[in-house]
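**Q** This is the structure I have questions about; it appears just below.
The values are calculated or read from the model by the stated rules, or taken from the named source; none is laboratory data. Note that this is a predicted model, so its numbers are computed, not measured. Cβ atoms come from the backbone with ideal geometry, glycine included; neighbour counts cover every protein chain shown.
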Amino acid sequence: YTFDPEKGGEIIFYYTVDEIDNITVKFHRIKGSGFEETPFKTDRPKGRVGTKLNLKNDSSYFKEVMPKGYHYATKDELTDKKDSAGNPLKQPDKEVEYVKDGRQEEEKIYIVGDANSSITVNFVDMKTGQVVLSDRPKGKTGDELDLTENSDYLGGKEQELQRKNYYYASENELKEGQKYPGKV
């Protein structure tokens, strides 16, 4: 480069920063009085050295990666929930920095299933094939619905069916290929 002493000059160097993934985010579902030890989902978001990953409830990161049908567990939803050592569960509620010094960050995010009533349970007359009772049980995404013969759910429907002169067909009365769903 040649510079004019009166006009001066400018030299530009272009730099770039590699994205790294030193942060692992593990999404754990709340279950009973604790959480499922095996992560429901694991993510290793990439970021630039020196920037931070926001792990607070209102983070745009969660809008992108939250498993469908789940949400970031609130403080109230974590009340009385404990880890295997008996410590109360808490969300990280912080920002984690992307660093290139070999450190690896691992953060647990606790998630809860959204209210869901997308399952329809039909009670069908074996002889006519007609639906005699239909129900949409309430629950949360990820919850188990017990449809075994002695379950609380079916026990609650039994009186309604008996008023219509129906009873549960025994396994022996089911036609070939028919079976009870069990737990779903």
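**Q** Specify the residue that is nearest to the chain's Cα centre (by Cα); the eligible residues are those in the stretch 63-75 that are farther than 19 Å from G34 by Cα and not in a loop (DSSP other than H, G, I, E, B).
**A** V65
**Q** Among the listed residues S134, S170, identify the single one that is farther than 28 Å from R29 by Cα, at pLDDT 85 or above and not aromatic (F, W, Y).
**A** Values: S170 fails: at pLDDT 85 or above.
Residue meeting the stated conditions: S134.
**Q** Right, V132: closer than 30 Å to P181 by Cβ and touching a helix residue (DSSP H, G or I) at 6+ places or on another chain (Cβ under 8 Å) or not?
**A** Yes, satisfied.
**Q** Which residues, taken from the stretch 76-134, are surrounded by 11 or more Cβ atoms within 10 Å (Cβ to Cβ), more than 25 Å from G34 (Cα to Cα) and in contact (Cβ under 8 Å) with a residue 60 or more places away in the chain?
**A** Y98, V99, K100, I119
**Q** Find the strands (runs of 3 or more DSSP E) located wholly in the stretch 79-184 whose residues include 1 or more that are aromatic (F, W, Y), and list them.
**A** Numbers: elements: 95-97, 105-113, 121-124, 131-135.
Ranges flagged: 105-113, 121-124.
**Q** Here's another thing I want to ask about it. Name the residues in the stretch 58-88 that are touching a helix residue (DSSP H, G or I) at 6+ places or on another chain (Cβ under 9 Å) and within 26 Å of N116 (Cβ to Cβ), would you?
**A** Quick first cut of the stretch 58-88, residues touching a helix residue (DSSP H, G or I) at 6+ places or on another chain (Cβ under 9 Å) only: 71-72, 88.
Those that are touching a helix residue (DSSP H, G or I) at 6+ places or on another chain (Cβ under 9 Å) and within 26 Å of N116 (Cβ to Cβ): H71, Y72.
**Q** Report yes if T16 is modelled with pLDDT of 90 or more and among the hydroxyl-bearing types (S, T, Y), otherwise no. Before the answer, list the steps.
**A** On the way: modelled with pLDDT of 90 or more: no; among the hydroxyl-bearing types (S, T, Y): yes.
No: the conditions fail for T16.
**Q** Working only within the stretch 16-38, note down all residues that are without any contact (Cβ under 8 Å) to a residue 24 or more places away in the chain and either touching a Phe, Trp or Tyr at 6+ places or on another chain (Cβ under 9 Å) or within 14 Å of V112 (Cβ to Cβ) (or both). Don't jump to the end; show me each part of the working.
**A** Filtering the stretch 16-38 down to residues without any contact (Cβ under 8 Å) to a residue 24 or more places away in the chain leaves 16, 31-32, 36, 38.
Those that are without any contact (Cβ under 8 Å) to a residue 24 or more places away in the chain and either touching a Phe, Trp or Tyr at 6+ places or on another chain (Cβ under 9 Å) or within 14 Å of V112 (Cβ to Cβ) (or both): K31, G32, E36.
Listed here are the residues, each with its yes/no results for (1) assigned to a strand (DSSP E or B); (2) over 21 Å from the mean Cα position of the chain (by Cα); (3) within 27 Å of E97 (Cβ to Cβ); (4) among the acidic types (D, E).
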residue: T16; (1), (2), (3), (4): no, yes, yes, no
residue: F27; (1), (2), (3), (4): yes, no, yes, no
residue: I30; (1), (2), (3), (4): yes, no, no, no
residue: L53; (1), (2), (3), (4): yes, no, yes, no
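**Q** So which pairs qualify, if the first residue must be in the stretch 48-60 and within 12 Å of Q91 (Cα to Cα), the second must be β-branched (V, I, T) and part of a loop (DSSP other than H, G, I, E, B), the Cβ gap must be under 8 Å, and the two must be at least 6 apart or on different chains?
**A** N57/T74
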